[in-house]
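K.L.:
Got a structure for you, questions after.
The values are calculated or read from the model by the stated rules, or taken from the named source; none is laboratory data. The structure displayed is predicted, hence computed values, not measured ones. FYI the Cβ positions are ideal-geometry reconstructions off the backbone, even for glycines, and counts take in every protein chain you see.
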Amino acid sequence: MDFSLGEELEELRNLAREIFTDHATPERLRAVETSATRVDDKLWADLSAAGLLAAPLPEEAGGAGLDLAGLCVLLEEQGRRVAPVPLWPAVLGSLALSAHGSAGQRAALLPAAADGTGRITLALEEFAPADPCTPLTTAAPEGAGWRLTGTKAVVPSPAGAEQVLVSAATDAGTGLFLVRRDAPGTTWTPAETTSYDLAAHLDLDSTPAEAVGAPGTGAVEWIIDRARVALAAVQLGVAEGAVRYAADHLSTREQFGRPLATFQAVQHQLADCVIETDAMRVTLWQAVTALEDGEDTEQSVLVAKWWAGEGGLNVVHRVQHVHGGIGVDTDYPVHRHFLWGKQVSTTLGGAAGDLSRLGDLLAGKAVTS
C-alpha cells in the first residue's frame, strides 16, 4: 500500500506544522496549563482563521472535504507539539453530525463548528470497564425527543463546548444523542487528567436530548472506530515529538567525554523508538484506508489503536529514560510527551482491552471461515 500523502494533505500538514510550532512553545504551554480552562483559545482561533478546523468537513458544511485523513494529519501535528486544544473531540463530533445528523442539525451546528465559534465535545466513555460500543447510559423516547440517564466519564475539554455527543443504549440498539452542555438534568464534576486537560464527568438525570441518526443503525460504532483512529494519530505525533527531543538531547549531552548518542545501549533504545513509531504510522494509515474503503475496518482500527497504546507508551517511556533526571523535570518540556502518551494510551480503553477485542474478532473470523 502507498500511504504517501497527496498534495492537499501535504499542504494541510505544512500549514498545521507551522501554526503549531509557532504557538505551542514551552512558555506558552506552561501558561495554558495554569489557566482556568487549560485550552489555548488563541491557538484555537488561529487554527480556525487558517481554515484548519473546517478542512476535514464536507464542502457543503464550509470545509474542504478532507474527512478523517485530514483530521489525522492535523492531530499528528498537534501531538508533535502537545498543543492544548480540543481538536479530536470537536472535529470528530462535527464529522459525526455531518455523517449522521439531520438536515436541521447540520444547518444549525456545522457552520459554527467550521469557523470555530461553536464547539462540540464527546461523551463516549464510562466508569465500568466495558466496550465503549456498549454503553450503560440509557436513552428513553419521549415525544419527538429522548431522555438520557447515566454517567459518562472523563468528557474531554467541556469548557467552551456548547453541545455534547453522548452514546447511550436504547431498546432498538445503541445511538448517538445531542445534549446541550447546560441542559436540565446535567451535572458536571471536574476531573484532572494526566495530560493537564480539564475534563469532567457528566451525570445525566432524565436529560433532554436529540437523536443523531436512528438508534441501532451503527452511529456509535462509526464514531468509536474513528475516535480510536484519531487517538492513534495524536499518539503518533506525541511519539515523534518525543523522539525529536531525545535525538537533540543525546547529540549534545556528553558522558565520559563522548556524546551520549554514541553509546550503543542508547542507540538501541532509540532504534526501538523509531521501529515502534514507524509501526504506529503504518497501522494508522492502514486503518484510515480501511475506513475509507469499508474493508476489515474493525480489525485495522484495533491494530492501530493497540500500537498507539502499546508502542506509543513504550516510546515515551524510553525517551524519558534516556533523558535521565531531566526527563521527569517539569521545567523540561519532554515530560509533557510522557504525560500525553500515558493519557492517550488509556483513552477508550488500554492496550490490553484492545488486544482482547482483536483476539475475539480474529477467533470469530476463524470459526466462521
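K.L.:
Hey, can you tell me all the residues within the stretch 122-131 that are crowded, with 19+ Cβ neighbours inside 10 Å and in contact (Cβ under 8 Å) with a residue 60 or more places away in the chain?
P.N.:
Within the stretch 122-131, Leu122, Ala123, Leu124, Glu125 qualify.
K.L.:
Which residues, counting only those in the stretch 120-134, are touching a Gly at 6+ places or on another chain (Cβ under 8 Å) and at pLDDT 95 or above?
P.N.:
Across the stretch 120-134, the qualifying residues are Ile120, Thr121, Leu122, Glu126.
K.L.:
Looking only at residues in the stretch 290-334 that are of a type in the set (Ser, Thr, Tyr) and modelled with pLDDT under 95, which one is surrounded by the most Cβ atoms within 10 Å (Cβ to Cβ)?
P.N.:
Across the stretch 290-334, the extreme among qualifying residues is Thr297.
K.L.:
If Pro84 satisfies every condition in (1) buried (at least 23 other Cβ atoms within 10 Å of the Cβ); (2) of a type outside the set (Val, Ile, Thr); (3) within 20 Å of Arg180 (Cβ to Cβ) but one, which is the exception?
P.N.:
Exception for Pro84: condition (3).
K.L.:
Of everything in the stretch 137-156, what is modelled with pLDDT of 95 or more and either under 17 Å from Ala113 (Cα atoms) or aliphatic (A, V, I, L, M) (or both)? Give them in sequence order.
P.N.:
Ala139, Ala140, Leu148, Ala153, Val154, Val155, Pro156
K.L.:
Still on this structure, please answer the following. If you take the residues in the stretch 149-174 that are out of contact with any strand residue (DSSP E or B) (no Cβ under 8 Å at 6 or more places or on another chain) and within 23 Å of Thr134 (Cβ to Cβ), which one is surrounded by the fewest Cβ atoms within 10 Å (Cβ to Cβ)?
P.N.:
Here the residue is Asp171.
K.L.:
Could you please let me know if Asp115 is farther than 28 Å from Trp222 by Cβ and surrounded by fewer than 24 Cβ atoms within 10 Å (Cβ to Cβ)?
P.N.:
No, not satisfied.
K.L.:
Something else about it: Quick check on the stretch 27-43. Is at least one of its residues surrounded by 15 or more Cβ atoms within 10 Å (Cβ to Cβ), outside any loop (DSSP other than H, G, I, E, B) and in contact with a Leu (Cβ under 7 Å, 6 or more places away or on another chain)?
P.N.:
Among the residues of the stretch 27-43, not one is surrounded by 15 or more Cβ atoms within 10 Å (Cβ to Cβ), outside any loop (DSSP other than H, G, I, E, B) and in contact with a Leu (Cβ under 7 Å, 6 or more places away or on another chain), which makes the answer no.
K.L.:
Select from the stretch 22-40 the residues that are among the small types (Gly, Ala, Ser) and over 19 Å from the mean Cα position of the chain (by Cα) and write down the one among them that is farthest from Ser157 (Cα to Cα).
P.N.:
Ala31
K.L.:
I would also like to ask the following. Of the residues Val243, Val234, Val229, Val238, which is surrounded by fewer than 23 Cβ atoms within 10 Å (Cβ to Cβ) and not assigned by TED's automatic domain parsing to the domain that holds Pro132?
P.N.:
Val243
K.L.:
Kindly evaluate Glu27 against the criterion of being closer than 25 Å to Gly118 by Cβ and without any contact (Cβ under 8 Å) to a residue 24 or more places away in the chain.
P.N.:
Considered against the rule, which asks whether it is closer than 25 Å to Gly118 by Cβ and without any contact (Cβ under 8 Å) to a residue 24 or more places away in the chain, Glu27 comes out as no.
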